[in-house]
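First comes the structure, then the notes that go with it.
The values are calculated or read from the model by the stated rules, or taken from the named source; none is laboratory data. Keep in mind that this is a model prediction, so the values were computed, not measured. Positions of Cβ are backbone-derived with ideal geometry, glycine not excepted, and every protein chain shown enters the neighbour counts.
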Amino acid sequence: MLASNDSGAIFRPGRQIYPFQWNWDSALIALGLARIDSERGRTEVRSLLRGQWSDGMVPHIVFHGNATDYAPGPEVWDSAVSPLAPKLPTSGITQPPVLASAVRALHEAAPDAAFLAEVVPALETWHDWLHRERADDSGLVAIHHPWEAADNSPRFDRALARLDTAGAPAVERLDRRVVDAAERPTDRDYTQYLTIVDRLHALGYRPGPGEAPFVYVDLSFNSILAVAEADLAWLWGELGGDGRRAQAGGSRVRDALAARWDESAAAYAGDDDATATVDTLFPLYAAVPSAAQARRLWDEALWSPARFGPSQDAPWAVTSTSKSSPAYDPRRYWRGPVWINVNWFLIRGLERVGLAAEAAELRQLTLDLVRRSGFSEYYDPHTGDPLGSGGFSWSAALTLDLLSTARSRPESSIRSR
Ligand code: 9WN
């Protein structure tokens, strides 16, 4: 399936809807390929970095070709408006920085010092850019568009409602030609997304202090950054270089995430505490919770039938929004469905905090879901139905990663099964 999405230089994220290269899709695909085809994984990383801006930002989409079946396309983004943009057209925003973790996985599977020398400095400038351009007072970094994290997640509703969308650009919905409208963001969502793009474009994609039309401190983005900084410091160690900035950056983010622990919710407080989305569990990925907090997060939130875990009427987990939230919408994109990448992040977090049996349970459920419904973009938690784009690359690549890490479990645990 992955081979059918492969142009040789980039993997398209899905058989449908997405014809270009997306940032965290490519990183997760490269990570999943690490043990299978590390050379192809390295090509994916190189292709993505061709889109890096001169100030360090690695954009959320790199438009390698001229496909016309995606909106908003390169002409809307018009990255040439900024002198910082590369020649290759790109979007003007970024996405969760998984890439350093992918490069570490590639290096662990098949060491290649020349490749590290080529890409590690680029990762350093991207992470440094995030702390510089997106700094928040608390030590975390902010996102400037819902597309930098999880599009229509209810956690962004309140911040988006504050936008003035008068004079918004016309919305073009090519996605709904191939996917049921009920599984995608609404036109109102798209009006807000395009309003932000329009404003950011007018500011050359580099808003000054107080100018960004949308600012949100996303826990998923920051948790991914915390892990990526630690991985980058490790990569500098392999290279014999100086990983001190990365190490310190990662620790700062982890400490600031730890301060968001909410004792009454057994989860972390997001920017909008009225919404309960899976974002509030993400610091688990960065092993932020203490042993006692991790236990409560699993029992009372992640695996709770009333919240994110499997229940009688919705046996597939983890839901992207809590089932007890009024915003829960089980088929609409990031407002309820199960995503394979979310499960993968949480499995890795459970392993990191030592909840091995719980990690194995979620891994098994995730593998059962793809066995039942194939490699889809997301899934209905009630029926397990595949939703969104079919033939979804990161769902396949992360399945490879889950399978290969299951195989490398200690002998004793394999024998005792
Ligand atoms: C907008 C490619 C991307 C993912 C995002 C996902 C979705 C795009 C869209 O698809 O976003 O960037 O058109 O909906 O939300 O996480 O990277 O798979």
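Inspection of segment 284-306 identifies at least one residue that is more than 30 Å from Leu232 (Cα to Cα), buried (at least 18 other Cβ atoms within 10 Å of the Cβ) and among the hydroxyl-bearing types (Ser, Thr, Tyr).
All conditions but one from (1) touching a helix residue (DSSP H, G or I) at 6+ places or on another chain (Cβ under 7 Å); (2) within 13 Å of the ligand (Cβ to nearest atom); (3) in a helix (DSSP H, G or I); (4) touching a residue at least 60 places away in the same chain (Cβ under 8 Å) apply to Leu194; the one that does not is (1). Restricting segment 54-68 to residues that are more than 16 Å from the ligand (Cβ to nearest atom) and either within 10 Å of Asn23 (Cβ to Cβ) or in contact (Cβ under 8 Å) with a residue 60 or more places away in the chain (or both) leaves a set whose member that is nearest to the chain's Cα centre (by Cα) is Gly56.
What residue, among those in segment 171-191 that are more than 18 Å from Gly73 (Cα to Cα) and part of a helix (DSSP H, G or I), is nearest to the ligand (Cβ to nearest atom)? It comes out as Glu183. Listed by first and then second residue, the pairs with beta-carbon distance under 6 Å, at least 6 apart or on different chains, first residue in segment 80-95 and touching a residue at least 12 places away in the same chain (Cβ under 8 Å) and of a type in the set (Ser, Thr, Tyr), second assigned to a loop (DSSP other than H, G, I, E, B) and within 16 Å of the ligand (Cβ to nearest atom), are Ser82/Tyr205; Thr90/Gly51; Thr90/Pro59; Ser91/Pro59; Ser91/His60; Thr94/Met57; Thr94/His60.
Selection over segment 63-79 of residues that are touching a His at 6+ places or on another chain (Cβ under 8 Å) and outside any helix (DSSP H, G or I) gives a count of 1.
Quick grid of which residues meet (1) of a type in the set (Lys, Arg); (2) more than 16 Å from the ligand (Cβ to nearest atom); (3) at pLDDT 95 or above:
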{"site": "Ala291", "(1), (2), (3)": "no, yes, yes"}
{"site": "Asp299", "(1), (2), (3)": "no, yes, yes"}
{"site": "Ser304", "(1), (2), (3)": "no, yes, yes"}
{"site": "Pro315", "(1), (2), (3)": "no, yes, yes"}
{"site": "Ser325", "(1), (2), (3)": "no, yes, yes"}
{"site": "Pro330", "(1), (2), (3)": "no, yes, yes"}
{"site": "Arg335", "(1), (2), (3)": "yes, no, yes"}
{"site": "Val338", "(1), (2), (3)": "no, no, yes"}
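Looking at this structure, is Leu31 under 15 Å from Leu106 (Cβ atoms), within 15 Å of the ligand (Cβ to nearest atom) and at pLDDT 95 or above? Taking the combined requirement at face value, the residue satisfies it. One residue stands out in segment 322-334 among those that are over 15 Å from the mean Cα position of the chain (by Cα) and within 23 Å of Gly390 (Cβ to Cβ): the one that is surrounded by the most Cβ atoms within 10 Å (Cβ to Cβ), namely Arg332. For Ala71, the criteria (1) more than 16 Å from the ligand (Cβ to nearest atom); (2) within 22 Å of the chain's Cα centre (by Cα); (3) modelled with pLDDT under 95 hold in every case but one, which is (1). Among what's in segment 356-384 and is within 13 Å of Tyr333 (Cα to Cα) and away from the ligand (no atom under 16 Å from the Cβ), pick the residue that is surrounded by the most Cβ atoms within 10 Å (Cβ to Cβ). Looking at residues that are within 13 Å of Tyr333 (Cα to Cα) and away from the ligand (no atom under 16 Å from the Cβ), I get Pro381.
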